[in-house]
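Shown next, in structure tokens, is the structure this report addresses.
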Amino acid sequence: MSNEHQLPDAVAGREELASQLRELEAFVAQSEGSGEALPPAAVAMIERLREIVRALDGLTSSLDTR
């Protein structure tokens, strides 16, 4: 697969995950604002999603420079 095909796929995947991350972060803020505790698994899931989005940022940057 050429870089021309990889970059749009990576960008689209990153945007989808980033959108989901923003939704989760809004939910967390709303939950914490109302005094609700989040399950530890939810906190871990959000952190992993942040890591994935950061990794995709790095991937798209490296593909963009080729």
*asked:* So, R0 is 22 Å and r is the distance between the beta-carbons of Ala42 and Arg22; what FRET efficiency does that work out to, to 0.05?
replied: 0.90
*asked:* Please compute the modelled spin-label separation between Ile52 and Val11, points set 7 Å along Cα→Cβ, answer in nm with one decimal.
replied: 2.1 nm
_Among Pro39, Ala55, Gly13 the positive-end extreme of the charge dipole of the range 3-64 (Cβ point charges)_ = Pro39
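Every number here is computed from the coordinates shown, using simple stated rules; none is lab data. In this text, all values refer to a predicted model and were calculated from it rather than measured experimentally. Positions of Cβ are backbone-derived with ideal geometry, glycine not excepted, and every protein chain shown enters the neighbour counts.
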